[in-house]
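Nothing in this text is a laboratory measurement; each read-out follows from the coordinates by a stated rule. Everything quoted here is computed from the prediction, not taken from an experiment. Please note: Cβ atoms are built from the backbone with ideal geometry, for glycine as well, and neighbour counts cover all protein chains shown.
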Amino acid sequence: MCACAAVCGAKSIDEVAEFGERATNSLLAFLGVRRHLLGWRRSPKPGTLGRVLQALDGDALDQAVGAYLADRHRITASADMPETRSRQIIAVDGKALTGSARLAAPRRHLLSAVTHDRVATIAQVEVGAKTNEVRHFKPLLAPLDLADTFDAFHSVKANITWLVERKKAHYIAVIKTNQPTAYAQLAALPWTSIKVQHTASVTAHGRRESRSIKTCAIADNLGGIAFPHAHLAIRVHRRRKPTGRPETRENVYAVTSLAAHQTRPIDLAAAIRGHWGIESSSHYIRDVTFAEDASTIHTGTAPRAMATICNLAIGTLKILGADNIVKTARALRHEPERALAILGITNNPDTHET
């Protein structure tokens, strides 16, 4: 019921209960609501739903939802590109559940693995606080098949080594000034003598933004870069011009385990752009469309469970090709039976059960 309600735009436990109250008797039967001895079905109240969500095993729920979305994403990607399957790109990013904080307890923090194309959260763990993301990186990705996969933007050397050597995956890691040796080496490369290899511009949200990318092969026998398995250096030059404000410019340096013959600058630019876009394609939808930050659910596993159900709704609709989650959920709200087919619910209950 929570999954179907979320696909139809439910933002809270109360709205899930309202979805059940509006549901037809046949829909309730498909959702597994038992029939009363007198012959009618009564959907669960908010208190019942809350107690169920609080008592759930958060890890088991995330594993089940992640496996479901990963399987549907794989099938869809194979159908889209049966002959020339492109490299899958996964971003690892954290998100705080702001409304879950209480005086005696800090807010919950989740670490997720999110696909770029047809955005879907295929793995998620609760890490307690943002500072714990590093040690949860391996447990998050260990169950996933990452062969021939990008993992974007994680730059802890031990985790990167594990990713390449044990999981046989590739990575893109942004190098910031908190890694002074590698950053200085990248900044010192002869970028001025390298031609721009790809440029993209966009105008949106009150600003004009352009990005140009250059790449430079890293030769190990000439010293390389102080970062494991780095074969290609990347410089992204970003120019932003907000309406009515001065233009700003910024250089972003990164390295990747892919060699020059294994990728193209346009693909690297898309991967980097896609990671920055996770905020708008996943986090923004959870915060705005599903009001996650405004939620005051805080007991037991309920905050994490609601976040996972949001992931299920967003991922399922995105995989099916929905560009606007708000409009899609609004349409489904008036025809809730369609949520059954979208989620693949084919339960055919016994009409005599109680």
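Which entries in the list LYS241/LYS318; LYS95/LYS318; LYS11/LYS45; LYS214/LYS318; LYS130/LYS176; LYS95/LYS138 go over 21 Å, if you measure between the two C-alpha atoms of each? It would help to have the intermediate numbers written out before the result.
Details: LYS241/LYS318 31 Å; LYS95/LYS318 19 Å; LYS11/LYS45 16 Å; LYS214/LYS318 31 Å; LYS130/LYS176 18 Å; LYS95/LYS138 17 Å.
Those over the limit are LYS241/LYS318; LYS214/LYS318.
Run the dipole for the chain about the Cα centre, Lys and Arg Cβ at +1, Asp and Glu Cβ at -1, nothing else charged, and hand back the magnitude in debye, nearest 20. Intermediate values should be presented prior to the final figure.
On the way: 46 positive and 32 negative charges, 207 e Å.
Result for the chain is approximately 1000 debye, rounded to the nearest 20.
How big is segment 221-354 along each principal axis, measuring the range of its Cα positions in Å and listing the largest first?
The Cα atoms of segment 221-354 stretch 76, 44, 33 Å along the principal axes, largest first.
In square nanometres, what is the average projected area of the Cα convex hull of segment 158-288?
Working: hull surface 39.9 nm².
With the hull built on Cα positions only, its mean projection is 10.0 nm².
If you take the charge dipole of the chain about its Cα centre, with +1 on Lys and Arg Cβ and -1 on Asp and Glu Cβ, which of THR131, ASN178, PRO228 is farthest toward its positive end?
ASN178
Per 0.36 nm of contour for each residue apart, how much would the distance between THR296 and LYS130 grow if the chain were fully extended, relative to their Cα-Cα spacing? Intermediate results must be reported in sequence, preceding the final value.
Numbers: separation 166, 0.36 × 166 = 59.76 nm, distance 1.99 nm.
Taking 0.36 nm per residue and subtracting the Cα distance, the gain is 57.8 nm.
Do me a favour and compute the ellipsoid semi-axes for segment 1-80 from its Cα gyration tensor, root of five times each eigenvalue, largest one first, whole Å. Provide the component values of the computation, followed by the final result.
Numbers: eigenvalues 150, 54, 30 Å².
Those come to 27, 16, 12 Å.
What helices does the chain hold that run 30 Å or longer along their axis, going by alpha-carbon atoms, with a Kyte-Doolittle average of 0.0 or more, using DSSP H for the helix calls? Present the calculation step by step, with values, prior to reporting the outcome.
Working: long enough: 58-80 (32 Å, -0.27).
What comes out of the filter, once short or polar helices are dropped, is none.
Chymotrypsin sites (Phe, Trp or Tyr not before Pro) within segment 241-297: which are DSSP loop residues with at most 10 other Cβ atoms inside 10 Å? Kindly include the intermediate steps, with their values, before the conclusion.
Working: sites: TYR253, TRP276, TYR284, PHE290; in loops: PHE290.
In loop regions of segment 241-297 (DSSP not H, G, I, E or B), there are no sparsely surrounded chymotrypsin sites (Phe, Trp or Tyr not before Pro).
Among THR328, THR192, THR181, determine the one that fluctuates most according to a GNM of the chain built with springs between C-alpha atoms less than 10 Å apart.
THR192
Quick one: longest stretch of the chain between exposed loop GluC sites (Glu not before Pro), exposed meaning at most 14 other C-beta atoms within 10 Å and loop per DSSP?
On the way: sites that count: GLU83, GLU247, GLU337, GLU353.
After excluding every exposed loop site, the longest remaining stretch is 84-246.
Tell me, what is the Rg over Rh of the chain, with Rh the Kirkwood radius over Cα pairs? Please report the intermediate quantities before stating the final value.
Values: Rg = 22.9 Å, Rh = 22.3 Å.
Over the Cα atoms of the chain, Rg/Rh equals 1.03.
Taking the Cα centre of segment 25-78 as origin, sum charge times position over the Cβ atoms of Lys and Arg (+1) and Asp and Glu (-1), and report the length of that vector in debye to the nearest 20.
Values: 8 positive and 4 negative charges, 96 e Å.
With Lys and Arg at +1 and Asp and Glu at -1, about 460 debye.
If you take the alpha carbon radius of gyration of segment 16-145 and divide it by 2.2 N^0.38 Å, what ratio comes out, to two decimals?
Working: Rg = 19.1 Å, N = 130, 2.2 N^0.38 = 14.0 Å.
Computed over Cα atoms of segment 16-145, the ratio equals 1.37.
Please report how far the C-alpha centroid of segment 121-136 lies from that of segment 17-67, rounded to the nearest whole angstrom.
So the separation of the two Cα centres works out to 28 Å.
Quick check of the Kirkwood formula: for segment 124-211, what is the inverse mean of 1/r over all pairs of different Cα atoms, in Å?
On the way: mean 1/r = 0.0624 Å⁻¹.
Its Kirkwood hydrodynamic radius stands at 16.0 Å.
Give me the number: length gained by fully extending ALA60 to HIS261, i.e. 0.36 nm times residue separation minus the C-alpha to C-alpha distance, one decimal in nm. Numbers along the way, then the final one.
On the way: separation 201, 0.36 × 201 = 72.36 nm, distance 4.05 nm.
Taking 0.36 nm per residue and subtracting the Cα distance, the gain is 68.3 nm.
Can you find, among LEU31, ALA55, GLN88, the residue farthest towards the positive end of the dipole of segment 1-89? Put +1 on the C-beta of Lys and Arg, -1 on that of Asp and Glu.
Ranked along the dipole, the leading option is LEU31.
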